[in-house]
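> Let me begin by handing over the structure; questions about it come next.
The values are calculated or read from the model by the stated rules, or taken from the named source; none is laboratory data. Since we're looking at a predicted model, the values are computed, not measured. As a convention, Cβ positions derive from the backbone with ideal geometry for all residues, glycine included, and neighbour counts pool all protein chains shown. With ligands, DNA and RNA removed, areas are computed over all heavy atoms of the protein, side chains included. Shrake-Rupley method; radii C 1.70, N 1.55, O 1.52, S 1.80 Å.
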Amino acid sequence: CSDSKGELHEFGSKWRTDDCLDCSCSKSGISCCTSYGTPVDYDTEKCIKIFNKETCTYKVVEKDDHSKECVVTGWVG
């Protein structure tokens, strides 16, 4: 399989992209999906979601104080 950067991957191999996608190669081609959950059910007036590209995770914190995490009751991904 040849990925979007032109790199070759063996059948049956798996890898994570720089954009936090988990990909795999099979005889039918490349399949990729996000490696992280996205917070969708939280207080959007009080809180914001921040993505950490190094850990491929979201953190939901108060807009006025990023040291305080917010409760998230729903994730998708």
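> Please list, ordered by first then second residue, the pairs with beta carbon atoms under 7 Å, 6 or more apart or interchain, first in the range 1-24 and touching a residue at least 12 places away in the same chain (Cβ under 8 Å), second in a loop (DSSP other than H, G, I, E, B) and open to solvent by 60 Å² or more (accessible area, probe 1.4 Å).
Correct list of pairs: F11/K27; C20/K53.
> Out of the residues in the range 17-28 that are at pLDDT below 95 and among the charged types (D, E, K, R), which is most open to solvent (accessible area, probe 1.4 Å)?
K27
> Follow-up question, since we're still on this one. Give the range 54-77 a look and list any residue that's open to solvent by 70 Å² or more (accessible area, probe 1.4 Å), β-branched (V, I, T) and within 18 Å of the chain's Cα centre (by Cα), or say none.
Correct list: T55, T73, V76.
> Can I ask one more? When the range 37-48 is examined, which residues are found to be open to solvent by 50 Å² or more (accessible area, probe 1.4 Å) and touching a strand residue (DSSP E or B) at 6+ places or on another chain (Cβ under 7 Å)?
Residues satisfying the conditions are V40, D41, K46, I48.
> Now, a different point. For F51, only one of the following conditions fails: (1) outside any strand (DSSP E or B); (2) open to solvent by less than 90 Å² (accessible area, probe 1.4 Å). What is its number?
(1)
> Hey, any hits in the range 12-21 for a residue that's at positive phi, small (G, A, S), under 10 Å from the mean Cα position of the chain (by Cα) and assigned to a loop (DSSP other than H, G, I, E, B)?
Scanning the range 12-21 turns up no residue that is at positive phi, small (G, A, S), under 10 Å from the mean Cα position of the chain (by Cα) and assigned to a loop (DSSP other than H, G, I, E, B).
> Can I ask one more? Would you point out the residue of the range 36-48, among those that are assigned to a loop (DSSP other than H, G, I, E, B) and in contact (Cβ under 8 Å) with a residue 24 or more places away in the chain, that is farthest from V72 (Cα to Cα)?
Looking at the filtered set, the residue picked out is Y36.
> Looking at (1) open to solvent by less than 100 Å² (accessible area, probe 1.4 Å); (2) of a type in the set (F, W, Y); (3) more than 30 Å from V61 (Cα to Cα), which one does F11 not meet, given that it meets all the others?
(1)
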